[in-house]
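Peer 1: Got a structure here, written out as structure tokens. Questions coming.
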Amino acid sequence: MTALRNVWAIVEKEWRHYFGSPIAYVALMVWTLLFGIFFYFAFSLFLRQSMMAAQQMEFGGGPKMSLNEWLIRPVMHNMAVVALFLAPMLTMRLFAEEKRQGTIELLATAPITDLQIVVGKFLAAVGLYGLMILAGLLNLALIWHYASTPPEWKPVLTGALALLLFGSCFLALGVFVSTLTRNQIVAGILSFCLFLGVWTLGWADDPSAGPLMRALAYLGVTTHMEDMVKGVVDLKDVVFYLSFIAFGLFLAHESVQSQRWRA
Amino acid sequence: MIEVENLTKRYGRTTAVDGISFRVQKGEILGFLGPNGAGKTTTMRILTCYLPPTEGTARVAGYDVFQAPLEVKRRVGYIPETPPLYPDMDVDGFLDFCAKIKGVPSASRKAKIDEAVEKTRIGDVRRKLIGQLSKGYRQRVGLAQAILANPDVLILDEPTAGLDPKQIIETRELIKSLGGDHTIVLSTHILPEVSMTCGRVVIINKGKVVAEDTPENLTRRLRGAGALRVDVRGEAASAAAEAVRSVPGVLSVRARAESPEGTTLEVEAEAGRDVRAEIARAVVSRGLDLLALQQVGMSLEEIFLHLTTTDTAHAEAPPPPPPASQEVTA
Ligand SMILES: Nc1ncnc2c1ncn2[C@@H]1O[C@H](COP(=O)(O)OP(=O)(O)OP(=O)(O)O)[C@@H](O)[C@H]1O
Ligand SMILES: [Mg+2]
């Protein structure tokens, strides 16, 4: 009970920082803007393709095109790239700034555990990221409004879930990196490089590759998105993401504690 | 209330705190005194569970800082050396956050904040962003944060640094009024502050306790050790010093102000031994003119310098201010 209250106090405080500075607005704006642009291009492509498909149909051929396949999937994939760029922005100052300002001393001497601080900060970042995803999804509301045969909503939801889980992995790692330095710019750059590394692990996902490469690819955060974006939630993938997040937070917690030992 | 035993803290190869021990009774105000780098902040950080000790133990309200940090943190209010504040929050928002993480129940939160605000007189800046406050006001917000949850123990690291004279007096009054209900440890460089607010003083130097007593006793004890001022005509400082040093019972002789008029020697003699007559005889018998011979009390400043500076440091240091006579002037 007190644990929850403490975590919530941290979440609230971080949100006050996010919305008291331009960070939250810039992140929300960039995200929704890019979402809109990708959506627009995917949609025009879809229209052209389906028009051609319709012409072919007159001659008795051509597949029926699915909005999910042509519209939602590419947009989700693009947004995953955007998340790669925006996640460091959300996490870089979480611990670095507390250390620089000396306010870490306030947190560390209050009756609240390091774990509560770490989790609170992580959840604050996830909360803002979730808000960004929701704002982006508003674009999709347009199709429901105008399309004659609206797309299935399930893949949209699972796609959003995939984005959320995938981004949260970055956020957890970002929280960890932020504990390593008192300079938030350094934390941001380091996080970005680390995220990029984790991302490229997914490129090793090639059936012909050796077992080591396959194992590495398994650790790549992108590998586990595919099915979810298609609308299939595999428990294995969810468990993978949750363990990844737990591992990131574990590292952050250990780092916070060990620094107190060495300081 | 606070028991520190054999506490040692090493940062890599530097030893910041070196086996110090002291106790603070409930309701007592303890002054923690020492030159820069003495280890005051480090000790306080250990008492507030910010740093773990390398060796030794510290207990607050019966709880070990290492084994039961949460229990200790619940009972301690702390102002670090630089007040830990979020510049982008307003004062009310900041205190509200502090109340939450200190576990103040939501029902009494507002009342507690109002009380702390009133005690530290920051009522007129409550809506201002902390980043826009002056240094003194920031210090006060830090103090408000420390007393917010009404903790049993207050650890104050230089609580009056950066305040204007009026505020310094008010803050001292506040600290004094908090004593009794609260057990307080405060560190400072300002010596009058100690004799005004603290019931007891611990002086530390290079991580070691060099003296521990009430401010009055410290002054008396050192006066008992017999500080004397001897004025001799002429510039024969070394001859005069030589003469005085030959007197049995004299512990140390330091030449102070030298002027064409004469030389002033500061003499320290064994406690309880009156060496005035013998010094007079020794000086005169060497053919020097004795102008004055006076017993002086040491101000806290001098005691402090005396205890925390080595003789070599004295040779290089500029001459200290003239000794205060008899009473602590502070
Ligand atoms: N984080 C640290 N890493 C290494 N050494 C440190 C650290 N913090 C303090 N020290 C060293 O420990 C010693 C004691 O420092 P401390 O801050 O406790 O002194 P202080 O008595 O508070 O001094 P001041 O009056 O200047 O505040 C100093 O020699 C300092 O250089
Ligand atoms: Mg200090």
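Peer 1: What's log10 of I(q)/I(0) for the protein assembly as shown at q = 0.12 Å⁻¹, Debye sum over Cα points only, no solvent?
Peer 2: For the requested q values the scattering log ratios are -1.15.
Peer 1: Put a dot 7 Å past each Cα toward the Cβ at A:M29 and B:S177; how far apart are the dots in nm?
Peer 2: If labels sit at B:S177 and A:M29, their model points lie 4.9 nm apart.
Peer 1: Using a Gaussian network model of chain A whose springs link C-alpha atoms within less than 10 Å, name the residue from A:T103, A:T91, A:T222 with the highest mean-square fluctuation.
Peer 2: Answer for the Gaussian network model of chain A: A:T103.
Peer 1: Ignore the peptide's own chain and count Cβ atoms of other chains within 10 Å of each Cβ in B:95-102; give me the average, rounded. Each step should come with its number before you reach the end.
Peer 2: Working: counts 0, 4, 7, 4, 1, 9, 13, 7.
Partner-chain Cβ atoms within 10 Å, mean over residues of B:95-102: 6.
Peer 1: Going by the alpha-carbon gyration tensor, a ≥ b ≥ c the square roots of its eigenvalues, is segment A:114-258 rounded (a/c under 1.5) or, if a/c is not under 1.5, prolate (a/b greater than b/c) versus oblate?
Peer 2: Values: a/c = 2.23, a/b = 1.34, b/c = 1.66.
Oblate shape, in that a/c is at least 1.5 and b/c is the bigger or equal ratio.
Peer 1: Now, a different point. If you build a Gaussian network model of chain A, linking Cα atoms that sit under 10 Å apart, which residue out of A:P155, A:P111, A:P88 swings the most?
Peer 2: A:P111
Peer 1: Can you compute the FRET efficiency between B:R13 and A:W203 using 1/(1 + (r/R0)^6), with r the Cβ-Cβ distance and R0 = 41 Å? Round to the nearest 0.05.
Peer 2: Details: r = 46 Å, r/R0 = 1.13.
Efficiency computed from Cβ-Cβ geometry: 0.30.
Peer 1: If you don't mind, another one. Student exercise: in segment A:2-262, how many lysine pairs 8 or more apart or on different chains have Cα atoms under 29 Å apart? Don't skip to the end; give the middle numbers.
Peer 2: On the way: A:K13/A:K99; A:K13/A:K121; A:K64/A:K154; A:K64/A:K230; A:K99/A:K121; A:K121/A:K236; A:K154/A:K230; A:K154/A:K236.
Close lysine pairs under the 29 Å cut-off: 8.
Peer 1: Report, largest value first, the span of the C-alpha coordinates of segment A:2-262 along each principal axis, in whole Å.
Peer 2: Largest to smallest, the principal-axis extents are 75, 46, 32 Å.
Peer 1: Check cross-link reach from B:K208 to the lysines: straight Cα distance under 25 Å, and skip same-chain residues fewer than eight apart.
Peer 2: Result set, ordered by chain and number: B:K9, B:K26, B:K40.
Peer 1: Turning to a different aspect of this structure: How would you classify segment A:1-54 from its alpha-carbon gyration tensor, with a ≥ b ≥ c the square roots of the eigenvalues: rounded for a/c under 1.5, else prolate if a/b is greater than b/c, otherwise oblate? Don't skip to the answer; put the middle values down first.
Peer 2: Values: a/c = 11.16, a/b = 2.81, b/c = 3.98.
Oblate, since a/c reaches 1.5 and b/c is not below a/b.
Peer 1: Can you list the lysines whose alpha carbon is less than 19 Å from that of B:K119, not counting same-chain residues fewer than 8 positions off?
Peer 2: Output for B:K119: B:K102, B:K110, B:K128, B:K135, B:K166, B:K176.
Peer 1: Right, something else. With each run of n ≥ 4 DSSP H residues scored as -39500 (n - 2.57), what mean residue ellipticity at 222 nm is computed for the protein assembly as shown after dividing by its residue count and rounding to the nearest 500 deg cm²/dmol?
Peer 2: -18000 deg cm²/dmol
Peer 1: Let me cross-check B:D124: its accessible surface, 1.4 Å probe, with only protein heavy atoms counted, in Å² to the nearest 10?
Peer 2: Probe radius 1.4 Å; accessible area of B:D124 about 120 Å².
Peer 1: Could you list the square roots of 5 times each eigenvalue of the Cα gyration tensor of segment A:101-193, that is, the equivalent ellipsoid semi-axes, sorted largest first and rounded to whole Å?
Peer 2: Values: eigenvalues 268, 41, 23 Å².
Working through the eigenvalues yields semi-axes of 37, 14, 11 Å.
Peer 1: What is the spin-label model distance, in nm, from B:E261 to A:F41 if the labels are put 7 Å beyond Cα along the C-beta direction?
Peer 2: With each label point 7 Å from Cα toward Cβ, the separation is 9.0 nm.
Peer 1: Comparing A:F35, A:F170, A:F19, which has the greatest mean-square fluctuation in the GNM of chain A with Cα pairs linked when under 10 Å apart?
Peer 2: A:F19
Peer 1: Next up: Could you give the DSSP H helices of chain A that reach 18 angstrom or more along their long axis (alpha carbon positions) and whose average Kyte-Doolittle hydropathy is no lower than 0.0? Don't skip to the answer; put the middle values down first.
Peer 2: Numbers: long enough: A:2-20 (26 Å, -0.41); A:22-58 (53 Å, 1.18); A:73-91 (27 Å, 1.20); A:114-146 (50 Å, 1.50); A:154-178 (35 Å, 1.86); A:184-201 (26 Å, 1.99); A:235-262 (40 Å, 0.43).
Passing helices, by number: A:22-58, A:73-91, A:114-146, A:154-178, A:184-201, A:235-262.
The values are calculated or read from the model by the stated rules, or taken from the named source; none is laboratory data. If you're wondering where the values come from, they're calculated on a predicted model, not measured in any experiment. Please note: Cβ atoms are built from the backbone with ideal geometry, for glycine as well, and neighbour counts cover all protein chains shown. Note: accessible area is taken over every heavy atom of the protein model, side chains too, but ligands, DNA and RNA are not part of it. Shrake-Rupley method; radii C 1.70, N 1.55, O 1.52, S 1.80 Å.
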